[in-house]
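*Asks:* Let me give you the structure first, and then I'll get to my questions.
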Amino acid sequence: MRRFVLPLLALVLPSLVLPSLASAQVAAGPTLASVRSKGALECSAALGTPGFGAPDSQGVWQGLDPDFCRAIAAAVLGEPRVRFVPMSGAQRMPALQSGQVDVLIQTLTWSQSRDASGIDFPAINFYDGQSFLLRRSMNVQRSTELGGATICTTSGSTSELNLADWARANNIRYQPVVFERTDELRSAYISGRCDAYSTDASQLAAVRSALPDPANHVVLAERISKEPLGLAVRHGDNQWADIVRWVSYALVEAEELGVTRANVDAMLQNPSPPIRRLLGVSGDHGPSMGLDRRWAYFAIKAVGNYGEIYERHVGADTPIGLERGPNALWNRGGLMYAPPIR
């Protein structure tokens, strides 16, 4: 079968000075072509989850998930041009399937039913598990002490299903109160309508950090589920899935190799073969996906490596204060592991 190629369209940043890296680029598939035509990546945005996705005082979306959107946009367009589309948990998957957004990065758990329903999960960007947020005055140490409690969660989510499974497995009766919007759920918990709030533990830590009196609330240490939070794309566009997957892996690889937002320009001169391949100094790994050779350089320059993103938004020195745990690199006791770029 004859293979068609397009000439490389160089994406040049004003601050970047590199030798010419001309190379044959594979043709753009439907999503890549659409993003380039629009001049921006359309990405989902949560309705306000501190640390993971929420607008700041200037209306700019901040968080781990928005930065992954920016990294993908930078890899594709040369700079992080993103249009964020706020949506509830119930709206997000239909929005992806209908083409309203190009990629869904919104604390979305990778599950079999979702994977088989017309969307694909190219990568995981956060390993989590479901727990409970409650008032310290309740003096509850374990979830099994919540019999008879009113527990709030989001409708149509894995959290709602996990709660039902947890109750059946432990023969616990509870009163579920479900909301479509996370901001409504938080308001219900603050007002006392819920005895407990149940969702991913990381999100509960974020909610707790934003409460008027966080010291009076606690997230239980136990986890009642596995919640691998992933980046999702529409099924059927393999090239786009490859791009999203490898941008995510590139951020993890950059952390392992010590490539940061601050030193990425200097690292262009580093003789290490893995660094040279990562940054496009050698190899045709970008053109093989329809991108510039410097795809990963652009992504790292825009947002930094995975560790920088994590520490900036949810790490130990933020109000949320999450240790890396399973989200540490594989060689530091965690699960974050990137296949080689070669």
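The values are calculated or read from the model by the stated rules, or taken from the named source; none is laboratory data. Note that the structure is a prediction, hence the values are computed from the model and not measured. Positions of Cβ are backbone-derived with ideal geometry, glycine not excepted, and every protein chain shown enters the neighbour counts. Accessible surface areas use protein heavy atoms only, side chains included; no ligands, DNA or RNA. Shrake-Rupley method; radii C 1.70, N 1.55, O 1.52, S 1.80 Å.
*Asks:* Kindly express, to the nearest 10 degrees and within the range 0 to 90, the angle between helix 64-77's C-alpha long axis and the longest C-alpha principal axis of the chain.
*Replies:* Orientation of helix 64-77: about 20 degrees from the principal axis.
*Asks:* Please compute the Kirkwood hydrodynamic radius over the range 126-200, one decimal place, Å, based on all pairs of different Cα atoms.
*Replies:* After inverting the pairwise mean of 1/r, the radius is 12.5 Å.
*Asks:* Also, I was wondering about something else. Mind checking Rg over Rh on the range 80-141, alpha carbons, Kirkwood formula for Rh?
*Replies:* Here Rg/Rh amounts to 1.10.
*Asks:* Put one equal scatterer on each alpha carbon of the chain, apply the Debye formula with no solvent term, and list log10 I(q)/I(0) at q = 0.08, 0.10, 0.16 1/Å to two decimals.
*Replies:* After summing over all Cα pairs, the log10 values are -0.40, -0.61, -1.36.
*Asks:* Can you work out the FRET efficiency for the pair S57 and L161, with r the C-beta to C-beta distance and R0 = 35 Å, to the nearest 0.05?
*Replies:* With R0 = 35 Å, the Cβ-Cβ based efficiency is 0.50.
*Asks:* Quick one: angle between helix 238-257 and the longest Cα principal axis of the chain, in degrees between 0 and 90, rounded to 10, please.
*Replies:* Orientation of helix 238-257: about 80 degrees from the principal axis.
*Asks:* Measuring with a 1.4 Å probe in the full set of protein chains, what accessible area per residue, in whole Å², belongs to the chain?
*Replies:* 44 Å²
*Asks:* Heavy-atom accessible area of D195 with all protein chains present, probe 1.4 Å, nearest 10 Å²?
*Replies:* 60 Å²
*Asks:* To continue, here is another question. Return the whole-Å distance between the Cα centroid of the range 253-318 and the Cα centroid of the range 149-169.
*Replies:* If you average the Cα positions of each part, the centres end up 39 Å apart.
*Asks:* Add +1 for every Lys or Arg and -1 for every Asp or Glu among the other residues with Cβ under 15 Å from the Cβ of E42, and state the total.
*Replies:* Net charge in that neighbourhood comes out at +4.
*Asks:* Once the Cα atoms of helix 89-98 and of the chain are each reduced to a long axis, what angle between those two axes, in degrees from 0 to 90 to the nearest 10, is obtained?
*Replies:* Approximately 30 degrees, to the nearest ten.
*Asks:* Multiplying the sequence separation of A24 and D115 by 0.36 nm and subtracting their Cα-Cα distance, what value in nm do you get?
*Replies:* 29.5 nm
*Asks:* Next up: Explain nothing, just the number: dipole magnitude of the chain about its Cα centre with +1 on each Lys and Arg Cβ and -1 on each Asp and Glu Cβ, in debye rounded to the nearest 20.
*Replies:* Using Cβ point charges on Lys, Arg, Asp and Glu, the chain gives about 480 debye.
*Asks:* Rounded to two decimal places and with Rh computed the Kirkwood way over Cα pairs, what is Rg over Rh for the range 285-328?
*Replies:* 1.19
*Asks:* Still on this structure, please answer the following. At q = 0.11, 0.14, 0.16, 0.22 Å⁻¹, what log₁₀ I(q)/I(0) does the range 208-328 have when each alpha carbon counts as one equal point scatterer in the Debye sum?
*Replies:* Values returned for q = 0.11, 0.14, 0.16, 0.22 Å⁻¹ are -0.50, -0.73, -0.87, -1.25.
*Asks:* While we're looking at this one, here's another question. From the residues Y189, V252, A164, which one has its Cα farthest along the dipole of the range 137-278 in the positive direction, the dipole being from +1 and -1 charges on Cβ of Lys/Arg and Asp/Glu about the Cα centre?
*Replies:* Highest projection toward the positive end goes to A164.
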